[in-house]
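Before any comments, here is the structure.
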Amino acid sequence: MTLQWFLVALAWASVVIFLVVAIRRVVKINAMPMGLRWEVYPVPHEAPEKRDYGGSYMEDTDWAKKHKARSFKEELVEFLLPEAIEIGTEILTMKKVRANNRYGIWIFSVFLHWGIYLFVGWTLLLIIASLTGSAVLTSISIVVGAIACVLGMIGAVGLIVRRATSPDLGPYTAPVDYFNLIFLGAIFLFGLLSLLIDPALVGHRAYFKGVVLFAPSAVPWAVSLTFLLFWAFVIYMPFSKLLHYVIKYFLYHQGLWDDGFTVKGSAADRRIVEQLGYSVKWQAPHMVSGKTWLEEAQTTATEGDKK
Amino acid sequence: MTGKPIRFKDIARLSDEPLVSLDADDLMPLPPLTDLPELKAPRARWLENYDLSLDGFSDLDIPMPKTPEEKERLVQGFLTGLEKLLDPEQNWTFAKLFRLSMDYCMRCQTCSEACHVYLGSGRQEIYRPTYRSEILRRIYQRHFTPAGKLLGPLVGADVEVNFKTVWRLLELSYRCNICRRCAQVCPEGIDNALIAREIRKLFSQELGIAPAELLKKGTRQQLTSGSSTGMNPLALKNSVEFLEEIIEEKTGRKITIPVDKKGADILLIHNAGEFLSWPENPAAFAILLDAAGINWTLSSEMVGYDAVNYAVWFDDVELARIALRHIEIARELGVKKIVVGECGHAHKALCVVADRVLPGERTAMEMPRESCLPLMWDIVKSGAIKFDPSRNDFPITMHDSCNVVRLMGIVQPQREIVKAICAQPLREMAPYGVHNYCCGGGSGFAIMDTLNFSEWRNSVSARMKVSQILGAFGDVLDPGIRKYVIAACSNCKGTLRDAINYFELWDKHGIWYGGLADLMVNAMVDLPGPYIEWNEEM
């Protein structure tokens, strides 16, 4: 029973650790200074008539004068929704990889990622099925679990092979990258085995009922191993670059798509004024070390400025 | 080409032998051109005095550190600078995007095929957008991350930092045009071009090292003498008189170009290089604005007559200094807005990037900064000037400046103008608009002519653009048919000028280049004759 209790505790602990570490990481990134504008078009939240060809508000004269503050609804519908659709499409279809990657990884990447999405979905289905005892949900769970594990395995193995054999990918693949793929592949492999050993999901449901109700019971070894690996992966993920799907938000929303110009007196303006007060410590001859950024901008860094 | 695969560790190789030796036969083919120029070996004198151990090319007219102490100082300065790049306060301008790009690249190589330098070189590994990033990432992991310090090669932290690593990395940062096509296609939003820029910034802001054309003769000269061209305010006034003479000579019109006119609606700032290399372009602007009845002015204040801000490619502090001068001059003149002439990087620097290096009263709301292209389209739409498209009855293609399209989203106004003033439909390059390829002169390459760098630019980084131009004119390559490549950007024009000469595109195929304003004036009904001067007439 010790192992069963451990698996129950691990499930809860992994979710808590994941949330704490991931949220901490996100908060830390979000708290970093607001950077300079550095957008790349097309930007999804531009006006619909400009969006398709990558146009921007700067195609019009007097764009700054035409500025008006957005309501919350406009912010949501006209700004965040198109971004969410664009990011969501990329996450689900990996269209940029498909269009631009010539190293044969698109299909395996899609399989691997869909394997992960479906595996998470399978876990949620198992929780609900274990609590409700629904035969329909159990049947759906079998199908979802099987598809998840098959897709995930093909994806992981395919990517390992591609990375190991391609002269373009191999040198860029560090041992830790193989470790990540093997880790994921193992979860899918044992997930598939657990389905073969426990095709009616009796043991799977018993495990999740035990997790939710803190009442562990004995389950088949393959079920134990699958979820031992899965929870370990959930813990590992936020410490690694596998959190990239969350980071995408910052790289796009606060980077490539950040086309907002500063309005005097706005929160952004206040933040920039604060940042302009940071002390400059760069040491090149044309820097005047010790001044604030704003003071630096007001000098020409000739000898007179340095006295 | 050496033939041996390049490994990341090779960057630290102590030999002076280049990591790759480029051969013209290995570069991307350029049909229908044959007998392409061979690449010349570096001069023996350069090899004695400079470090060409990356690829046999360099623009860095900087004597190499000789003693072990000097080399060690450079290495330590590099590591200190890298630490500052990672510091949210010292690098508040880009620390977030830089850090995330370092930490979250999945190394899928999706960006490689987007890079014109990589493709143009015949897919040389060292020019892959991820190669230089991966070198820096491995150094960063080894020196600045717990995982790298603990696990080393297991997480890829395996590149040694010595003098050669540092110098080759510096050179590598100047093998990227920072066109950011790689960022555009990245499924994660990783910006390898930004990483190249940040490497440049480290060298400039910490060590004072940058190509002379960008720092010493670029931003430093602009801030202390008035212009990166060396043009002082008096020379500007002479140039303006020269423009007025050109206008009278070519159009018969006597126009007084307004300079330092208080309270004008628009302060127009050109790339000062236009006054010297293509005076017909600022002259064309003067003709158009005068004919359209626009209340505008030039400035004769130091920095105020040169829109360039080379620092946008390599130095945030210099960027802020120049942008601040531009805006202060406009405020002192009391103009309603600044309009940037046909200069791509100046567009992005002043209208976009500078927006957050200055406090409230200098933001775009308080002193608007705009591209000249929407204004020119407004002039056409207004009907204030009559254009006769039949005066522009020759095949035309358009080179999009990356800074104007991909990095600002200004795509349609210039196309609408062409539609209105040209007889033949615009021949779009493939791809075009926000997906265009860089001319090969972006991020300073256009003006970097020290040692043998211009040969690399012509043969490698400009290669894709030449291929696109040949493709756009594929069915009219007969040299008897004059063809015009629109390039509404000074640095793009400079690159095209050199590439056209290098590949003999005028002699072989009748391909020439010029600005958009020039083409507009060429179509003005009430002017006596053609305004554009083709190569043979110059």
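Bear in mind that the values in this text are calculations on the coordinates, not laboratory data. This one's a predicted model, so the numbers in the text were calculated from it and none came from an experiment. Reconstructed Cβ throughout: ideal geometry from the backbone, glycine too, with neighbour counts over all protein chains shown.
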Sorting B:PRO37, B:LEU22, B:ILE338 by the position of each Cα along the dipole of the protein assembly as shown (Lys, Arg +1; Asp, Glu -1; all at Cβ), the one nearest the positive end of that ordering is B:LEU22
Within segment B:348-368, which residues have the backbone N less than 17 Å from the label spot 7 Å out from B:LYS262 along Cα→beta-carbon, could you tell me? none
Within a 10 angstrom radius of the beta carbon, how do A:LEU112, B:LEU79, A:LEU137 rank from fewest other beta carbons to most? B:LEU79, A:LEU137, A:LEU112
Highest to lowest packing among B:219-231, B:173-185, scored as the average C-beta count within 10 Å: B:173-185, B:219-231
Estimated FRET transfer efficiency (B:LEU47, B:GLU504; beta-carbon r; R0 35 Å; 0.05): 0.75
Going by Cα centres, segment B:405-460 and segment B:205-223 are how many Å apart? 25
Residue order, fewest to most surrounding Cβ atoms within 10 angstrom, among B:VAL240, A:VAL150: A:VAL150, B:VAL240
Placed amide H near B:GLN424: partners under 5 Å, 5+ positions off or other chain: B:PHE394
Can you find, among B:PHE285, B:HIS270, B:GLY226, the residue sitting farthest towards the positive end of the charge dipole of segment B:216-375, where Lys and Arg contribute +1 and Asp and Glu -1 at Cβ? B:GLY226
Could you size up the charge dipole of chain A around its Cα centre, putting +1 on the beta carbon of Lys and Arg and -1 on that of Asp and Glu, and report it in debye to the nearest 20? 600
Can you give the average number of partner chain beta-carbon atoms within 10 Å of each beta-carbon in peptide B:376-383, as a whole number? 1
Under the Karplus relation 6.51 cos²θ - 1.76 cosθ + 1.60, θ = phi - 60°, what is the ordered set of whole-Hz ³J(HN,Hα) values for segment A:145-151, x standing for Gly and Pro? x, 5, 4, 4, 5, 5, 4
List the cysteines of the protein assembly as shown that have no other Cys Cβ closer than 4.7 Å: which are they? A:CYS149, B:CYS105, B:CYS108, B:CYS115, B:CYS176, B:CYS186, B:CYS343, B:CYS351, B:CYS372, B:CYS422
Using a Gaussian network model on chain A with a 10 Å cutoff between Cα atoms, which of A:GLY255, A:GLY158, A:GLY54 fluctuates the most? A:GLY54
Using per-residue counts of other Cβ atoms within 10 Å, averaged over each peptide, order B:492-498, B:413-419 from highest down. B:492-498, B:413-419
Return the average number of partner chain Cβ atoms within 10 angstrom of each residue Cβ along peptide A:283-290. 6
Counting only DSSP beta bridges fully inside the protein assembly as shown, the antiparallel percentage to nearest 5 is 10
Against the longest principal axis of chain B, how steep is helix B:163-173, in degrees 0 to 90 to the nearest 10, with axes from Cα atoms? 30
For B:ASP355, A:ASP52, ascending order of other Cβ atoms within 10 Å (fewest first) is A:ASP52, B:ASP355
Express in nm, to one decimal, how much length is gained between B:GLN76 and B:LEU36 on full extension, taking 0.36 nm for each residue of separation and deducting their alpha carbon distance. 10.1 nm
Within segment B:385-537, percent of DSSP bridges classed antiparallel, to nearest 5: 10
Considering the options B:VAL357, B:THR297, B:ALA323, tell which one lies farthest towards the positive end of the dipole of segment B:216-375, charges being +1 on Lys and Arg and -1 on Asp and Glu at the Cβ, about the Cα centre. B:VAL357
Taking each residue in A:172-183, count the Cβ atoms of any other chain within 10 Å of its Cβ, then average. What number comes out? 4
Under a GNM of chain A (C-alpha, springs under 10 Å), which listed residue has the highest mean-square fluctuation: A:VAL136, A:VAL144, A:VAL161? A:VAL136
May I ask what percent, to the nearest 5, of DSSP beta bridges between residues of chain B are antiparallel? 5
Integer Hz, Karplus 6.51/-1.76/1.60 couplings in order for segment B:377-392, x for Gly and Pro: 5, 4, 4, 4, 4, 5, x, 5, 10, 8, 10, 10, x, 5, 6, 10
Rounded to the nearest 10 degrees, the helix B:463-472 long axis (Cα) sits at an angle to the longest Cα principal axis of chain B of 40
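Do any of A:LYS50/B:LYS237; B:LYS237/B:LYS465; A:LYS281/B:LYS217 go past 29 Å between their Cα atoms, and which?
The answer is A:LYS50/B:LYS237; B:LYS237/B:LYS465.
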Per the rule of 0.36 nm per residue minus the C-alpha distance, extending A:LEU124 to A:ALA164 adds in nm 11.0 nm
If you find the alpha carbon centre of segment B:38-61 and of segment B:172-188, how far apart are they in angstrom? 25
If you put +1 on each Lys and Arg Cβ and -1 on each Asp and Glu Cβ, how big is the dipole of the protein assembly as shown around its Cα centre, in Debye rounded to 20? 2700
Using θ = phi - 60° and the Karplus relation 6.51 cos²θ - 1.76 cosθ + 1.60, list the HN-Hα couplings for segment B:226-237 in order, rounded to whole Hz, with x at every Gly or Pro. x, 7, 5, 7, x, 5, 9, x, 5, 4, 4, 5
Where is the GNM fluctuation largest for chain A (alpha-carbon springs, 10 angstrom cutoff): A:ALA69, A:ALA200, A:ALA268? A:ALA69
